[in-house]
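To start, the structure itself, in structure tokens.
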Amino acid sequence: MRTLAGQRSPGDARASFELASASDSTGDEAAALQYYQQALQLGLPSDLQRRATIQLASTLRNLGHPQQGLQLLLGERERVSDILDDALLACMALLLADLGRPTEALASVLPALARHLPRYQRSMTHYAAALLPPAFTDDGLALFASQGAPALPATGTQGHLDHDGSRLWYASLGAGPPVILLHGGLGNAGNWGHQVPALLAAGYRVILIDSRGHGRSTRDAAPFGYDRLAADVLALIDHLALPQAALIGWSDGACTALVLAAAHPERVSGVLFFGCNMDPSGALPFVPTPAIDNCFARHRLDHAALSATPDAFMDLVEAVGAMQRTQPNFTAADLAAIAVPVRVVQAQADEFIRSEHAHYLAATIPGAQLTTLAGVSHFAPLQRPGLFNAVVLGFLGQLLAAGALSAS
């Protein structure tokens, strides 16, 4: 096989894939792992990419890393659907079983089996769904308004970082590849309460920050700007001595993440960009809704409870609004120069962002992918966290498969 692979040009992805498969067949799992990762980094055709990802996940399982393998398959399951769907689900079931999650394993593999049982497809699909508890939903944000998001874990470390006139609160939880969660305007890091446990369970190091003037972080009198927010995140990456980190951004946090990625791609493993615009044309006219009202009410309560200036919430509203009305202003050329992996995620019923703008971003940023979330709005991480978390874990799995994300 090495002789045949040598007939192809240096750096050929297909040759690396064939060497990986041959190593697999001869029991050399360590070499297979290296070649699979190399093939995916070099860029395979879509069908071979899927085969390589499934086989890499199996190799990781054999090497004792089932959690990493599962994350790869979560990402691949979202990317495309084809004749290999059943193979993917079967491998996913094995990984879940290894992780001590047999009920989820059965729920995963039953739908694959049901497709081959013409008299029992519907019943088996329903049985699979019944194995798992009902998914959490809070579509109108009534629970969020009254109770807030689930409390963040009490483990890990918390601290403050002084930067550019602000004292920034941050927390670091768990160990593994670093993932920084960036919340939206007027909110705070606690809004990620549904996401943090899922990321920790998946083996990631989760890093949270309250944006300047939000939550437990202070601000100076200077105007807000996405470049300043991005510089704050970069300062935290430096403070924690992270070579790189993946950024999960929601609303203003999404814009902050992409601004940072554009300016410092060497420090960003990838960006999940949810629910924001990169120029003013992407914003919808503001129309109040019950969900928006409930979210605003919770933000007001959280600000009063957490902030060093608890009575200044409306000042924060005005300062953030002034930034949002004029920023950001990325051109198509600016977007085309972004050099990190990007997943653009758009809620089907987003109250603030035009869906065509999300399509434009995905089409203009090199290599970007677009995911549309049905049945949710701008507040998807709170409304249906299971749906949102699957997209996040899938994206991180793709970064792992491509070698763009690794433990710090």
Check your understanding: Can you give me the relative contact order of the chain as a percent, contacts being Cα pairs under 8 Å and 6 or more apart?
Key -> 17
Check your understanding: Is region 227-280 rounded, prolate or oblate when judged by the Cα gyration tensor, a ≥ b ≥ c being the square roots of its eigenvalues, rounded requiring a/c under 1.5 and prolate requiring a/b larger than b/c?
Key -> prolate
Review point. How many angstrom lie between the C-alpha centres of region 255-285 and region 303-340?
Key: 12
Practice item. Give the accessible area for Asp279 in Å² (nearest 10); use a 1.4 Å probe, count only protein heavy atoms, and leave out ligands, DNA and RNA. Key: 20
Review point. Which one of Val344, Ala246, Gly11 has its Cα pushed farthest toward the positive end of the charge dipole of the chain, where Lys and Arg give +1 and Asp and Glu give -1 at the Cβ?
Key: Gly11
Practice item. For helix 355-364, report the angle its Cα long axis makes with the longest principal axis of the Cα atoms of the chain; keep it between 0 and 90° and round to the nearest 10°. Key: 60
Revision key, fill the gap. Charge dipole of the chain built from unit charges on the beta carbon (Lys, Arg +1; Asp, Glu -1), centred at mean Cα; most positive-end Cα among Gly367, Gln49, Ala145 is Gln49
Review point. So what's the net charge close to Val80: Lys and Arg +1, Asp and Glu -1, counting the other residues with Cβ under 15 Å from its Cβ?
Key: -1
Check your understanding: Cα gyration tensor of region 38-161, axes a ≥ b ≥ c as square roots of the eigenvalues: rounded (a/c below 1.5), prolate (a/b > b/c) or oblate?
Key -> oblate
Exercise for review: For region 91-171, give the magnitude of the charge dipole about the Cα centre (Cβ charges: +1 Lys/Arg, -1 Asp/Glu; no others), in debye to the nearest 20.
Suggested key: 520
Study note, to complete from the structure: Taking Cα atoms only, helix 85-98 is inclined relative to the longest principal axis of the chain by an angle, in degrees rounded to 10, of 80
Study note, to complete from the structure: Net charge near Phe330 (other residues with Cβ under 13 Å of its Cβ; Lys, Arg +1; Asp, Glu -1) is -3
Practice item. Report the relative contact order of region 258-408, percent, no decimals, based on alpha-carbon pairs under 8 angstrom and at least 6 residues apart. Key: 29
**Study point:** Prolate/oblate/rounded call for the chain, Cα gyration tensor, a/c under 1.5 rounded
**Key:** prolate
**Study point:** DSSP loop chymotrypsin sites (Phe, Trp or Tyr not before Pro) with at most 15 other Cβ within 10 Å excluded, longest remaining stretch of the chain
**Key:** 137-285
**Study point:** Most mobile listed residue (Leu60, Leu161, Leu234) in the chain, GNM with C-alpha springs under 10 Å
**Key:** Leu161
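How high is the relative contact order of region 211-299, in percent, with contacts defined as C-alpha pairs under 8 Å that are six or more residues apart?
Numbers: 88 pairs, mean separation 19.6, N = 89.
For region 211-299, the relative contact order is 22 percent.
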Review point. Quick one: putting +1 on the C-beta of Lys and Arg, -1 on the C-beta of Asp and Glu, what dipole do you get for the chain around its Cα centre, in Debye to the nearest 20?
Key: 740
Point to revise | Check: region 182-284 dipole with +1 on Lys, Arg Cβ and -1 on Asp, Glu Cβ, in debye | key: 220
Study note, to complete from the structure: Highest GNM mean-square fluctuation among Gly215, Gly367, Gly100, for the chain with Cα springs under 10 Å, belongs to Gly100
Study note, to complete from the structure: Out of Val80, Val287, Val392, a Gaussian network model of the chain with alpha-carbon springs under 10 Å gives the largest mean-square fluctuation to Val287
Exercise for review: Can you grab the distance from the C-alpha centre of region 84-159 to the C-alpha centre of region 8-72, Å, no decimals?
Suggested key: 26
Study note, to complete from the structure: For the chain, longest principal axis from Cα atoms; helix 121-130 axis from its Cα atoms; angle between them, nearest 10 degrees, is 50
Point to revise | Selection from Ala135, Pro223, Leu94 lying farthest towards where the dipole of the chain points positive, charges on Cβ | key: Leu94
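The values are calculated or read from the model by the stated rules, or taken from the named source; none is laboratory data. What you are looking at is a predicted structure, and each value in this text was computed from that prediction instead of being measured. Using ideal geometry, Cβ is built from the backbone for each residue, glycine included, and neighbour counts are taken over all protein chains shown. What goes into the accessible areas is simple: the full protein's heavy atoms, side chains included, and nothing from ligands, DNA or RNA. Shrake-Rupley method; radii C 1.70, N 1.55, O 1.52, S 1.80 Å.
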